[in-house]
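Visitor: Sharing a structure with you now.
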Amino acid sequence: MSDYTVKECLKEAREAIDRKEYKQALEWCQEGLKADKANYTVYVFIGLASTHLEQYPHAEKAYLKAQELSPNNPLSAKGLLDLYTKTQQWSKLADTAKLILPSTSDPAKAKELRGKLANALVQAGRRAEALDLWRAQLQGMKDDAQGSRDEARGLLINIADALAEEERLQVAKETDRRVAQKMKEKERAPIPTPSAASAKPSASKPSSSSSSSSSSSSSSSSSTSDNTPSPILAILSTLQVLPSGLIHAASPSAGGAGGRVLVLGAPPPVADEADLLRTRL
């Protein structure tokens, strides 16, 4: 049994929150629970103080308990909306907003809540639900002669953006599938190897009398070796997906004995080779 009344505990907790002394506020809330274990406001204060202390699971539990005690009281719902926004739990935010939207009678607050709901649905990847919400808003504006043209234009832009993003994701998904399929097919096939001339080892160290000619030959061999494509590029070249001009055939003298060597014009980083494949597909 607490030595304080619930009213006294709530007063002290409120003042502690105003002073940003959130740990002290929690202590007063615990005292308040000793006096009344089912007090709605105490749990709301616990949720608020815990959110500021970044004790998010504790805050969520307190807000949900408050909502259970008084489902129609908006304080706990508002606390959950702020909590889920701060922690970017978009799906939970959307579910909470959908739950309290029907009971929101103030037009301005309902409009703000619909905006939060639509944004949360998009962030959660639930674009179909966001589209339904925006279409319903547009239909409502048709029935309302005082509907704002700017608001309607904004809703149409949102719908167009959502549809474009959905299409982009579908294309990306299909592209990834095709890339994976192509790479699996190439893994089963032998990887092309450089020509025998380019793989030919360098000659032994020349004598002093022929140093200049040997140096020229060594330089040519080094150039050929440096221009040998990596296994990944070899695979990409056989798929014929690299842009024109990125790989070209060197002159016969570069490969030696009429051989052809793949030479990179402006080699990209290896990390971008998969992107090249995906773009061309």
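The values are calculated or read from the model by the stated rules, or taken from the named source; none is laboratory data. Note that this is a predicted model, so its numbers are computed, not measured. Glycine also receives a Cβ, built like all others from the backbone with ideal geometry; neighbour counts cover every protein chain displayed. Calculation scope for accessible area: heavy atoms of the full protein, side chains included, ligands and nucleic acids excluded. Shrake-Rupley method; radii C 1.70, N 1.55, O 1.52, S 1.80 Å.
Visitor: How do LYS65, LYS7 stack up against each other in accessible area, from largest to smallest, with a 1.4 angstrom probe?
Guide: Heavy-atom accessible area, descending, gives LYS7, LYS65.
Visitor: For a 26 Å ceiling on Cα separation, which of these pairs sit above it: LYS65/LYS86; LYS61/LYS173; LYS11/LYS37; LYS23/LYS65?
Guide: Where the Cα-Cα span goes over 26 Å, the pairs concerned are LYS61/LYS173.
Visitor: Accessible surface of TRP90 in the full protein assembly, 1.4 angstrom probe, to the nearest 10 Å²?
Guide: 50
Visitor: Also, quick follow-up: Where a ≥ b ≥ c are the square roots of the eigenvalues of the C-alpha gyration tensor, would you call region 74-139 rounded, which needs a/c under 1.5, or, failing that, prolate if a/b is larger than b/c, or oblate?
Guide: oblate
Visitor: Protein chains only, probe 1.4 Å: how do THR87, THR5 rank by accessible area, largest first?
Guide: THR5, THR87
Visitor: Between LYS11 and ALA136, what is 0.36 nm times their sequence separation minus the Cα-Cα distance? Round to one decimal in nm.
Guide: Length difference between fully extended and current span is 40.6 nm.
Visitor: Quick one: Karplus J couplings for region 8-15, per residue in order, coefficients 6.51, -1.76, 1.60, θ = phi - 60°, nearest Hz, x for Gly and Pro?
Guide: Once θ is set to phi - 60°, the couplings for region 8-15 become 5, 5, 5, 4, 5, 5, 4, 5 Hz.
Visitor: What is the distance, in nm, between label points placed 7 Å from the Cα along the Cα-to-Cβ direction at LYS109 and at THR85?
Guide: A separation of 1.4 nm, rounded to one decimal place.
Visitor: For region 128-135, just list the computed ³J(HN,Hα) in residue order, Karplus coefficients 6.51, -1.76 and 1.60, θ = phi - 60°, integers in Hz, with x standing in for Gly and Pro.
Guide: Working through the residues one at a time gives 4, 5, 5, 4, 4, 5, 5, 5 Hz.
Visitor: Karplus couplings for region 23-40 from phi (6.51 cos²θ - 1.76 cosθ + 1.60, θ = phi - 60°), rounded to Hz, Gly and Pro as x?
Guide: Here the 3J(HN,Hα) series is 5, 5, 4, 5, 5, 5, 5, 5, 5, x, 5, 5, 7, 8, 6, 10, 8, 4 Hz.
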